Each structure stands twice: as C-alpha cells, then as structure tokens.
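The values are calculated or read from the model by the stated rules, or taken from the named source; none is laboratory data. Being a predicted model, the structure only gives us computed values, none of them experimental. Reconstructed Cβ throughout: ideal geometry from the backbone, glycine too, with neighbour counts over all protein chains shown. The protein model used for the area step is the full one, side chains on, heavy atoms only, and it has no ligands, DNA or RNA in it. Shrake-Rupley method; radii C 1.70, N 1.55, O 1.52, S 1.80 Å.
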Amino acid sequence: MHMHFEVEGGNFSRAGYASSEIKKVLKKLNVNAQTIKRIVVSSYEAEVNIVAHARKGKISATIDNDKIVLQCNDEGPGIPDIEKAMQQGFSTASSEVREMGFGAGMGLPNIKNNADKLEINSEVGKGTNVKITIALSSETN
Amino acid sequence: MKIREIASVLNAKIVCGEQYADKETAYAFSSDLMSDVLTTKKDSLLLITGLANVQTIRTAEMSDIHCIVFARGKRVSDEMIELATENEMALVECRYSVFKTSGMLYAAGIQPVY
C-alpha cells in the first residue's frame, strides 16, 4: 500500500495533515496502538520539519506486511552538519516555529528514538531526504 | 478521574467534547513545547498547556491524548474545535496558570508521567 502527500513550506495550519491521514490508514489496518504512535510521531516531526524549514516537500508512506517506510523529501536549505542536527537541543528554527511549540532541537532525536532505522541525506541549498523505517511485526492484518 | 471532575476541580469549562466528560484520566503532562509532548509514551493522557494553536491539537492527535486543558486563560479557536471534534477530544479552558492547574490536579490524584 502506498500513500503520497504534498507538504507546503510555511503553512502551519496544515502541518500534520499527512501524518493524520497515515494514522487513519494504520488504524484501519489494525496496527498495534504503540506502533502507530511511534510511526505518526516520527512522521509528524518530519512533516513539521518540512513546514518549518523548506519551501515544499513530499511525504510518501509505503506499507508492507512487515514494515512501513516513510520517505520525507524536501526542497529546502539542506543540513550542513547532520551529526550536529541530530544533537538534542540544536536548532535553526525561526521564532515563528518556536511559537508553534516546536524548534527546540528535538525533532530529529525524537524520530531516531521512535524509528527502527533512520537515514538522512542532505545537500546544502537543495534539500533533505529523511527515510524512516519502522517494523510492523505480525500484528497487522 | 473523569474529565467532568477535572473541569469542576479547576472551575473550568469544557468547550468541546462534552460527550466525553465521563472518560477517565489517570495521568497528565504539562508543557508548552510540543516536541516534549511527543516524547510521552502513556495512553489516555491529559495535556495541560498554555499553547493554544492548531498544532497543539495535532500533537495531541499523534500522542493519543484525549483531553487538553488550556491554562492561563487561553482560548481555543473554531479551527481547533473542528480538529478536536474530528479526533474525539475534549478541550477545557481554564483561567489558572499551568503551575496552579497542575498542582490542583496533582492534589486531586492525577499522576505524573515521569
């Protein structure tokens, strides 16, 4: 199963729409509630990152019997130092982002804590690709 | 503790999701930082916050939080009510500070997450 969403940079009232749709599908598939939470928290943090930093982006979710793969690709500033970006508390977010309750440098570490596998590829001036894999075990129908 | 009792203890008003007023809540978490809220692992959690915007509701949706108390007299918007209704959440408006709200609910028996 495959889902695809366009994410608009800077549009905070819509941030979370893609993750919400992914959650609805996972619930219908009877995925265990704790696993759903790990998936949607990861997806939501990634979605907020796109809205906060990029001009635009895409989120795709591919659900197999044993795993979900989230691909979050954006056209944005890129991350010059990924290791630094992974440190809790490091943030380049604007005051607007902080006013929304984000931008404390917890997004990527939060994703890492929830994901079974996290891969980040980024090119400065072009954009960032975040690939999140989470196992579904045998709980799915 | 029922959401109805929580509102009563806080002299607060349930502004959305009155039909869930009898739902039980054992644990609460207080924060204005949504990334912190997203790290909580508990189910059926109550969120106490002074941050009133659509992302507060979205964060609650992703974290399986079924009730939010907006402290410091923060008001919820129509857009927030719409999203909360869609997600079967109760929203409570309270005029006390986050500190006082948390203290009153702790004294009434609501447990902390950590």
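Tally up the carbon and sulfur contribution to the accessible surface of chain A as a whole percent, 1.4 Å probe, everything protein left in place.
46
Report, to the nearest 10°, how far helix A:33-53 tilts away from the longest principal axis of the Cα atoms in chain A, using its own Cα long axis and a range of 0 to 90°.
Computed tilt is about 30 degrees.
Given points 7 Å out from each Cα along the Cα-Cβ axis, report the B:Tyr106 to A:Ile82 separation in nanometres with one decimal.
So the label points at B:Tyr106 and A:Ile82 sit 4.1 nm apart.
Taking the Cβ of B:Tyr114 as the center, what net charge do the other residues with Cβ under 14 Å away carry, scoring Lys and Arg +1 and Asp and Glu -1?
So the surrounding residues net to +1.
What base-10 log of the normalised intensity I(q)/I(0) is obtained for region A:12-132 from the Debye formula, alpha carbons as equal point scatterers, at q = 0.11, 0.16 Å⁻¹?
-0.34, -0.73
Which entries of A:Lys58/A:Lys126; A:Lys84/A:Lys112; B:Lys2/B:Lys74 show an alpha-carbon separation above 19 angstrom in the structure shown?
Table pairs above 19 Å Cα-Cα are B:Lys2/B:Lys74.
Which of the trypsin sites (Lys or Arg not before Pro) found in region A:74-138 are loop residues per DSSP with 12 or fewer other Cβ atoms within 10 Å of their Cβ?
Here the trypsin sites (Lys or Arg not before Pro) that fit, given the DSSP loop and packing criteria, are A:Lys126.
What fraction of the Cα pairs in chain B, stated in percent, has a spacing above 16 angstrom?
Within chain B, distances greater than 16 Å cover 50 percent of Cα pairs.
Pairs of alpha-carbon atoms within less than 8 angstrom and 6+ residues apart define the contacts here; what relative contact order does chain A have, in percent?
It comes to 29 percent, rounded to a whole number.
Do the sum for chain A: with -39,500 (n - 2.57) for every DSSP H run of n ≥ 4, divided by all residues, what is the mean residue ellipticity at 222 nm, to the nearest 500 deg cm²/dmol?
Rounded to the nearest 500, it is -10500 deg cm²/dmol.
A drop of at least 40 square angstrom in accessible area, chain alone versus all protein chains together, probe 1.4 Å. Which residues of region B:42-67 meet that?
Correct list: B:Gln55, B:Arg58, B:Glu61, B:Met62, B:Asp64.
A:Leu118: net charge of surrounding residues, Cβ under 10 Å, Lys/Arg +1, Asp/Glu -1, itself excluded?
Result for the neighbourhood of A:Leu118: +1.
So what's the back-of-envelope 222 nm ellipticity for chain B, counting only DSSP H runs of four-plus at -39500 (n - 2.57) apiece and dividing by all residues, rounded to 500?
Rounded to the nearest 500, the figure is -9000 deg cm²/dmol.
Taking 37 °C and 0.692 mPa s as the conditions, I'd like the Stokes-Einstein D for region B:1-47 in µm²/s, using the Kirkwood hydrodynamic radius from alpha carbon pairs.
This corresponds to a translational diffusion coefficient of 281 µm²/s.
If you take the Cα Rg of the protein assembly as shown and divide it by 2.2 N^0.38 Å, with N the number of residues, what do you get?
Dividing the Cα radius of gyration by 2.2 N^0.38 Å gives 1.00.
Residue separation times 0.36 nm, minus the C-alpha to C-alpha distance between B:Lys41 and B:Glu24: what's the value?
Stretched out fully, the B:Lys41 to B:Glu24 stretch lengthens by 4.4 nm.
Between A:Lys126 and A:Phe90, how high is the FRET efficiency from 1/(1 + (r/R0)^6) when r is the Cβ-Cβ distance and R₀ = 22 Å? Nearest 0.05.
The value I calculate is 0.60.
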